[in-house]
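Here is the structure we will look at, set down as structure tokens.
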């Protein structure tokens with residue numbers, strides 16, 4: 001093992017834990033104290049990552065306030081060091097973390113709002129792709145429709161929550177200034193679940209509300225199940241043709257393949 | 001393995017871009033995208049961190065392409081972790097290569113630092129002990145990047161808050177400028193001389209900034225960076241933090257004058273990354289650099305490279 005590797009392992013260990021120190025003899029004298037230098041690097045890393053989370057989850061931040069968010073971010077960063085130098089990809093586990101974060105128990109919709117913010121963030125920077133023309137299915141013989149598998153637009157994300165996270169998010173957009181704490185109770189938020197398809201088929205991010213059955217149907221299509229099987233599994237009592245037509249007009253697909261029946 | 005070697009670039013010339021040599025650029029910030037397209041400011045080049053544009057699509061990538069259609073670009077990486085032992089992360093390097101092919105920057109650079117160890121990528125530029133072992137590690141990584149990209153890159157001196165002295169048994173034998181000189185000689189890379197980092201590091205690690213500048217090899221610098229820093233005074237003394245969050249300090253302008261006098265005209269970037277001001281404020285800061293660069297060009301007073 002190289003001495004450089006040992007130095008770096010020791011440095012990161014010290015950087016990651018507030019209780020650790022670096023050996024004085026390992027650094028040149030004549031400048032600021034070793035502990036003070038380490039504190040700068042530590043702050044760069046932790047404050048930097050907390051800033052990334054704050055930019056990605058602004059509505060969550062305003063729902064709980066800056067101090068609570070800073071605490072949650074600090075705890076998340078400690079247990080989730082970044083694995084990529086692309087910081088736009090950091091923080092994807094934050095919604096799951098919030099769902100299990102005891103201190104946030106009194107805000108049960110928090111992780112759902114975070115999931116919606118993550119979906120919007122990912123949709124915004126997904127590669128561009130030309131949506132499938134709404135008329136494209138007309139050329140497919142009816143007997144082949146059952147084995148048709150859709151290719152989804154790369155920006156498509158599905159978000160489901162037992163809370164009306166889309167309504168909470170929308171109320172925030174309309175009513176809140178940046179950096180102002182957002183009090184949900186001040187708004188008339190309907191008591192319902194949210195099942196959403198979020199995507200950027202054109203220039204802007206768009207959201208499509210789905211019924212329970214339609215959400216199940218799209219969830220199956222998105223993992224590659226053929227149309228016939230997804231139809232059957234989604235059960236009765238809804239209008240799959242209309243959902244399919246809506247998805248086509250929305251621009252959720254970029255293509256399709258006919259698989260072996 | 002082919003390497004972009006010293007002998008392939010003209011003697012006494014940094015692997016930079018001659019057409020940019022008299023120009024001053026600014027950081028490309030998404031908040032300025034619209035203003036740039038609407039006002040088409042007189043800017044020599046725009047510089048961006050490629051790590052912010054690697055996700056494949058969306059308004060960020062479009063903004064970079066729009067700027068690239070109208071201005072020369074420089075891609076200034078922060079994530080290659082050239083000071084980590086073992087080969088550079090091939091996934092990250094592949095993404096950088098695709099972006100370089102997409103937007104065709106005039107300059108590509110990263111730092112003399114490390115950020116990755118044991119699968120963790122820290123969002124900071126961490127200090128290296130300047131040992132022979134580390135010179136080997138960084139040289140191999142720089143050569144690998146240059147091979148994959150098919151071009152020479154520039155390596156920036158980091159802002160230091162600690163100066164690692166010893167790597168276990170091996171006592172550090174080189175100072176940073178010697179290390180950079182050896183690196184350019186071994187790999188054919190150029191130096192991105194960050195004057196603010198020289199000033200910040202000198203304060204924080206007890207070095208002499210003027211001696212540092214005098215130690216930079218003429219003809220090896222392909223770009224200069226200028227930026228603001230903040231000053232924190234406390235029981236630990238005065239710590240300068242390289243936050244790129246304000247105007248360039250007077251002392252740093254003085255060092256820039258000295259550097260230009262010694263090095264001749266070098267493409268110069270004014271960075272501003274936190275508390276980003278209006279485009280106009282950033283342009284005004286760039287104009288100060290432009291005036292100094294013009295003075296050097298007109299007087300011809302710089303000491304000519306050997």
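Could you calculate the FRET efficiency of residue A:245 with residue A:204 from 1/(1 + (r/R0)^6), where r is the beta carbon distance between them and R0 is 22 Å, rounded to 0.05? It would help to have the intermediate numbers written out before the result.
Details: r = 22 Å, r/R0 = 0.98.
Efficiency, from the Cβ-Cβ distance: 0.55.
For the range A:127-261, rounded, prolate or oblate, judged on the Cα gyration tensor with a ≥ b ≥ c (square roots of eigenvalues), a/c < 1.5 rounded, else prolate if a/b > b/c? Since a/c reaches 1.5 and a/b is larger than b/c, the shape of the range A:127-261 is classed as prolate. Pairs of Cα atoms nearer than 8 Å and 6+ residues apart set the relative contact order; for chain A it is 20 percent.
Let me know the shape class of the range B:110-153, please: from the alpha-carbon gyration tensor, a ≥ b ≥ c as square roots of the eigenvalues, rounded when a/c is under 1.5, otherwise prolate if a/b is greater than b/c, or oblate. Before the final figure, lay out the partial values.
Numbers: a/c = 2.00, a/b = 1.31, b/c = 1.52.
Oblate is the answer for the range B:110-153, as a/c is 1.5 or above yet b/c matches or exceeds a/b.
Residue A:20 to residue B:273: FRET efficiency via 1/(1 + (r/R0)^6), r the Cβ-Cβ distance, R0 22 Å, to the nearest 0.05? With a Förster radius of 22 Å, E is 0.15. When the Cα gyration tensor is reduced to axis lengths a ≥ b ≥ c, the ratio a/c stays below 1.5 for chain B, which is therefore classed as rounded. The angle between the Cα long axis of helix A:110-125 and the longest principal axis of the Cα atoms of chain A comes to about 80 degrees, rounded to the nearest 10. Inter-label distance, residue B:178 to residue A:170: 6.8 nm, where each label sits 7 Å from its Cα along the C-beta direction. With springs connecting C-alpha atoms under 10 Å apart, model chain A as a Gaussian network and identify which of A:190, A:81, A:154 has the largest mean-square fluctuation. Fluctuation is largest for A:190.
For peptide A:5-18, the mean count of partner chain Cβ atoms within 10 Å of a residue's Cβ comes to 4. Cα centroids of the range A:196-235 and the range B:117-147: 45 Å apart.
With respect to chain A, whose longest principal axis is taken over its alpha-carbon atoms, helix A:34-56 is tilted by about 20°. Springs between alpha-carbon pairs under 10 angstrom, Gaussian network model over chain B: which of B:234, B:58, B:79 fluctuates most? Among B:234, B:58, B:79, the largest mean-square fluctuation in the Gaussian network model of chain B belongs to B:234.
Inter-chain neighbour count for B:151-164: the average number of beta-carbon atoms from partner chains within 10 Å of each residue's beta-carbon is 4. Of all the options A:206, A:24, A:151, the one that moves most in a Gaussian network model of chain A with Cα springs shorter than 10 angstrom is A:24.
Values in this text are rule-based calculations from the coordinates and carry no lab data. These numbers come from a predicted model, not from an experiment. Using ideal geometry, Cβ is built from the backbone for each residue, glycine included, and neighbour counts are taken over all protein chains shown.
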